[in-house]
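Structure first, then comments.
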Amino acid sequence: MQTIWLTGAEWLAVLRIGLGLWWLESWRHKDRKGWFERGTGIAWAAEVAEKHRWAGVRTGFRRVVAPRPRLMARVVVYAELALGLGLVTGLLTPVALVGGLLLNLLYLTLMIHDWAEQGQNAMMALISLVALFAMSWQTWSLDHAIGLFR
């Protein structure tokens, strides 16, 4: 493969790192005090889930998230941080890519009616797929440096 400036593997690393920075920005701009102390994030998601056109989303939210809002708030916020750090540093990259893909698909499903959210989550999911199947951890990653996932 011929590319300009960087090799193909280096461009894939740039894509992976960019996705990681996107996750870190998602984590950075969250009002963690609101999410953890006032429950704003899960309360907002509950409103969205309750009005969702698919009964399975409402049922799933009621069974999995609603009974444990404090735990789920921490899971969401710290998952975004972990995904960002894993992708930027290239540590456990395939795990972070699959986790990010699943989280984006979950967000995409929850926000199926919001075109702006769909676009962001669809793009992040697509980048995750490309980075995963192109093995983007082969360059500029801790995984490569320590010999993981060869």
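The values are calculated or read from the model by the stated rules, or taken from the named source; none is laboratory data. Values in this document were obtained by computation on a predicted structure and should not be read as measured data. Here the Cβ positions follow ideal geometry from the backbone for every residue, glycine too, while neighbour counts run over all protein chains shown. SASA here: full protein model, heavy atoms, side chains in, ligands and nucleic acids out. Shrake-Rupley method; radii C 1.70, N 1.55, O 1.52, S 1.80 Å.
Looking at the range 1-52 only, could you name the residues that are touching a Ser or Thr at 6+ places or on another chain (Cβ under 6 Å) and closer than 30 Å to Val64 by Cβ? If the condition is that a residue be touching a Ser or Thr at 6+ places or on another chain (Cβ under 6 Å) and closer than 30 Å to Val64 by Cβ, then Arg16, Gly34 are the ones that fit.
I'd like the full set of residues that are without any contact (Cβ under 8 Å) to a residue 40 or more places away in the chain and open to solvent by less than 30 Å² (accessible area, probe 1.4 Å), limited to the range 102-116.
Once the filter is applied, which keeps residues that are without any contact (Cβ under 8 Å) to a residue 40 or more places away in the chain and open to solvent by less than 30 Å² (accessible area, probe 1.4 Å), the range 102-116 yields Leu103, Asn104.
Within the range 80-92, does at least one residue satisfy the condition of being open to solvent by 60 Å² or more (accessible area, probe 1.4 Å), modelled with pLDDT of 95 or more and on the phi > 0 side of the Ramachandran plot? Scanning the range 80-92, I find at least one residue that is open to solvent by 60 Å² or more (accessible area, probe 1.4 Å), modelled with pLDDT of 95 or more and on the phi > 0 side of the Ramachandran plot, so the answer is yes.
Of the residues contained in the range 126-138, one or more are found to be more than 14 Å from Leu19 (Cα to Cα) and touching a His at 6+ places or on another chain (Cβ under 9 Å). Suppose the filter is among the hydroxyl-bearing types (Ser, Thr, Tyr), farther than 18 Å from Asn121 by Cβ and open to solvent by less than 30 Å² (accessible area, probe 1.4 Å); does Thr59 pass it? No: the conditions fail for Thr59. Among the residues of the range 16-50, the ones that are in contact (Cβ under 8 Å) with a residue 60 or more places away in the chain and open to solvent by 60 Å² or more (accessible area, probe 1.4 Å) come to 2 in all. Pairing residues of the range 72-98 that are under 21 Å from Ala134 (Cβ atoms) and in a helix (DSSP H, G or I) with residues that are of a type in the set (Asp, Glu) and open to solvent by less than 40 Å² (accessible area, probe 1.4 Å), at Cβ distances under 7 Å and at least 6 apart in sequence or on separate chains, gives Thr93/Asp143.
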